[in-house]
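Heads up, the thing below is written out as structure tokens.
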Amino acid sequence: MAKRKLDEGNEQGEASGSTVRRSTRVTKKAKVVILENQIVEKMGEEVEIEKTQTKKKGKASTQAIDLSSFPERVESPWKVGAHVSAAGGVENAVLNASKIGANAFALFVKSQRKWTSPPLTELNISSFKSRMKELSYNPKYVLPHGSYLINLGNPDNEKREKSYQCFLDDLKRCDALGLELYNFHPGSTLGIVEPSVSMTHIADCINRSHRDTPGSKVVVVLENMAGSGNIIGSDFAQLGEIIRQVEEKSRVGVCLDTCHMFAAGYDIRSKEGWNSTVKSFDTHVGLKYLRGMHLNDSKTECGSKKDRHDNIGVGHISIQAFAHILADPRMQDIPLILETPSHEETSKNWNVWAKEIEVLNVLSSSTLEILEPSEPTDVVGARFDSLMQDIREVIKAAGGGKAKTGTGASVQRGLKKDSKKEGQE
Ligand SMILES: [Zn+2]
Ligand SMILES: [Zn+2]
């Protein structure tokens, strides 16, 4: 029954309602193909969650997964999730998302730090697809992240070609998995050329990729950046200009990262600031191009140009800003992905993400109430305080009590490098 409800929600997109209902806990055991020997490569630093299955060389077995051990999935028009591990095979990302109660997720479709990776196997692909179905995930809410090595703005022809091949390979993997979106960092001038030259290279590569993947539905999604060095895309106008040069407009979009926009100088802390930022995005890019968001707090101040992700409510953006975002109907029906530190180097339970997702879902279901102007400010403040306290406690339990200091020792490695990897090649 619960599964049916989730399916319906996905199909209908739930675009209009602003109420959020708790779905009943999924208690049925679903048959999900478990891959045991298809460890194509280690895509991240983390281990996959399904290691307890029996090992048999060369074939996959079908085993029941007890979904009752997974947290409840909330039905909401705001599709909150996280960038989860695909270690052991892309199909494991689907389970990892479900394990933390995510309604959306991101993953790497190959090693994010290698130029070439073994191709996806038929088994990877079929298992990914069957798990998507069994666990009621709609491809519309899956936002794969591209390799960090890719720089389509590289002025060097040979190096740009290398990046393009890596980019094209990512797109083909997304297509094979039945996915519809592909998020990547636009690129860098490397300080060698004017931004406009790199922007044209990026648009040319996107146009070429569309020609090289005829019939594919995958939308190329440019991410806004924090603005350090020679990186393209911290200014919405640059993203808009790249899109203007793309021929097939239905296959290009933008993902807005809250940490990046804040670091780039868009002050989204107040509701007015958030609204004027969205207005600026609409003016320079167009809201119809918004295909996803990355929800991250920031370890550094507004305009710092530093890309340092922090947990929701713990950084400089503050939890109130996420309340505005999660009350905004314009942010419904797109993947809203956490790329926050998970801290859990040993347990791998990803409790921090599960808690952040829970808190964001609470915000989306009750923001109207929380932000009701008639409420005394101290009552509203106390509610935010208690939600933040919840997050802090889980971070501490995960061994990340020092998150505020930004030492980074316990930050999930893949995402920590995400923060640092502004220098594309
Ligand atoms: Zn990114
Ligand atoms: Zn991001």
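Have a look at Leu256, Leu295, Leu290, Leu338 and point out the one that is within 16 Å of ligand 1 (Cβ to nearest atom) and surrounded by fewer than 24 Cβ atoms within 10 Å (Cβ to Cβ).
Values: Leu256 fails: surrounded by fewer than 24 Cβ atoms within 10 Å (Cβ to Cβ); Leu295 fails: surrounded by fewer than 24 Cβ atoms within 10 Å (Cβ to Cβ); Leu338 fails: surrounded by fewer than 24 Cβ atoms within 10 Å (Cβ to Cβ).
Just one listed residue meets the conditions, Leu290.
More than 16 Å from ligand 1 (Cβ to nearest atom), farther than 24 Å from Asp307 by Cα and not hydrophobic (A, V, I, L, M, F, W, C): does that describe Asp267?
no
Taking the residues in region 187-228 that are of a type in the set (D, E, K, R) and under 21 Å from Pro335 (Cβ atoms) as candidates, determine which candidate is surrounded by the most Cβ atoms within 10 Å (Cβ to Cβ).
The extreme case among them is Glu223.
Which of the residues that make up region 225-241 are in contact with a strand residue (DSSP E or B) (Cβ under 8 Å, 6 or more places away or on another chain) and either assigned to a helix (DSSP H, G or I) or at pLDDT below 95 (or both)?
If the condition is that a residue be in contact with a strand residue (DSSP E or B) (Cβ under 8 Å, 6 or more places away or on another chain) and either assigned to a helix (DSSP H, G or I) or at pLDDT below 95 (or both), then Gly229, Gln238, Leu239 are the ones that fit.
Determine if region 196-215 includes at least one residue that is away from ligand 2 (no atom under 16 Å from the Cβ), touching a Lys or Arg at 6+ places or on another chain (Cβ under 8 Å) and in a loop (DSSP other than H, G, I, E, B).
yes
If I filter region 294-311 for residues that are more than 16 Å from ligand 2 (Cβ to nearest atom) and either closer than 20 Å to Leu152 by Cβ or modelled with pLDDT under 95 (or both), do I get at least one hit?
Checked against the condition, which is being more than 16 Å from ligand 2 (Cβ to nearest atom) and either closer than 20 Å to Leu152 by Cβ or modelled with pLDDT under 95 (or both), region 294-311 yields no hits at all.
Looking at (1) within 29 Å of Glu241 (Cα to Cα); (2) in a strand (DSSP E or B); (3) modelled with pLDDT under 95, which is the only condition Ile65 fails?
(1) is the only condition that Ile65 fails.
Would you check if there is a residue in region 229-237 being surrounded by fewer than 21 Cβ atoms within 10 Å (Cβ to Cβ) and under 23 Å from His83 (Cα atoms)?
no
Looking only at region 164-222, filter to residues that are more than 16 Å from ligand 1 (Cβ to nearest atom) and among the acidic types (Asp, Glu); which one of those is nearest to the chain's Cα centre (by Cα)?
Glu180
The values are calculated or read from the model by the stated rules, or taken from the named source; none is laboratory data. As the structure is a computational prediction, the values presented were derived from the model and not from experiment. Don't worry about glycine lacking a Cβ; one is built from the backbone with ideal geometry, like all the others, and counts go over all protein chains shown.
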